[in-house]
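Quick notes on the structure that follows.
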Amino acid sequence: MYSEMIFAGFGGQGIMTIGQIIAYSGMNEGKAVAWIPSYGPEMRGGTANCTVMVTDEPQVGAPLTAHPDWVIAMNNPSFVKFEPMIKSGGCMVYNESLISNKQSRDDIHYIPVKAHELAVEHGNDKFASIICMSALIGYTDIIKLETVAKALAKVLPERYHKLIPVNMEAAQAGYDIGKSSKGDA
């Protein structure tokens with residue numbers, strides 16, 4: 001298994017964080033990983049994306065991809081930019097709360113997630129990215145959901161560790177969406 005992913009959205013949406021969570025989770029499961037961030041010039045509100053590779057192979061080849069297997073798009077510009085790049089048979093998880101673009105391909109699977117609404121239901125609108133990330137995990141089984149909590153402890157500053165249990169509740173909601181969308185594929 002060699003999986004190439006791109007996560008994209010506005011700065012401040014947690015894009016880099018979910019990339020790090022997938023990378024640390026993969027490492028904790030004994031997989032080879034790569035995580036490459038890409039930022040726009042703005043600190044918040046600008047564009048941000050990261051490429052993540054996870055493989056059972058001994059090492060990751062090139063750490064960048066022009067044709068990812070999976071994409072998470074958190075905003076319209078990311079949807080437009082990355083949808084055409086996804087490999088045939090791939091998957092796009094997108095934040096239906098903020099994305100009005102229409103699905104234009106019939107050779108990939110789409111998982112629309114009302115990420116903002118679900119995040120608010122779980123107590124914090126910042127959970128939107130972890131919900132989308134977990135939908136991808138549920139659909140792909142790239143990593144185990146259990147390893148996400150350990151990765152959160154590594155990625156989040158210690159002052160936010162008290163939020164790991166509620167992050168994991170939000171993650172479970174996303175995971176369930178991803179699992180249930182397998183029947184749609």
Where labels lie 7 Å past Cα in the beta-carbon direction, separation of Ser104 and Ala32 in nm: 3.5 nm
Highest-MSF residue in the chain out of Pro84, Pro68, Pro112 [GNM, Cα springs under 10 Å]: Pro84
Among beta bridges that DSSP assigns inside the chain, antiparallel share in %, nearest 5: 55 percent
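Going down the table (Lys126/Lys154; Lys102/Lys179; Lys150/Lys182; Lys87/Lys179; Lys31/Lys154), which pairs top 24 Å between alpha carbons?
Lys150/Lys182
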Label point distance in nm, Tyr2-Gln59, each placed 7 Å from Cα along Cα→Cβ: 1.3 nm
Proportion of all alpha-carbon pairs of the stretch 108-159 beyond 19 Å (%): 36 percent
For the chain, built as a Gaussian network whose Cα springs stay under 10 Å, the top-fluctuating residue of Gly138, Gly89, Gly11: Gly89
Debye, to nearest 20: dipole size of the chain, +1 on Lys, Arg Cβ, -1 on Asp, Glu Cβ: 360 debye
Sorted by Cβ density within 10 Å, fewest first, the residues Ser97, Ser38, Ser78: Ser38, Ser97, Ser78
Given charges at beta-carbon only (K, R positive; D, E negative), |dipole| of the stretch 77-165 in Debye: 320 debye
Summed residue charge, Cβ within 12 Å of Ala115's Cβ, Lys/Arg positive, Asp/Glu negative: -2
Burial ordering of Val33, Val93, Val80, Val155, fewest other beta-carbon atoms within 10 Å first: Val80, Val155, Val33, Val93
Positive-pole candidate from Ile15, Tyr160, Leu98, dipole of the chain, charges at beta carbon: Tyr160
Rounded to whole Å, sorted largest first: equivalent-ellipsoid semi-axes of the stretch 2-184, Cα gyration tensor: 21, 20, 17
Least to most buried among Tyr24, Tyr94, Tyr2 (fewest other Cβ within 10 Å first): Tyr2, Tyr24, Tyr94
Residue of Glu96, Glu57, Glu83 that the Gaussian network model of the chain assigns the largest fluctuation, springs spanning Cα pairs under 10 Å: Glu57
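Bear in mind these aren't lab numbers, they're just calculated from the coordinates by the rules spelled out. Only a predicted model underlies this, so the values are computations on that prediction, with no experimental measurement involved. Here Cβ is always computed from backbone atoms with ideal geometry, including for glycine, and neighbour counts include all displayed protein chains.
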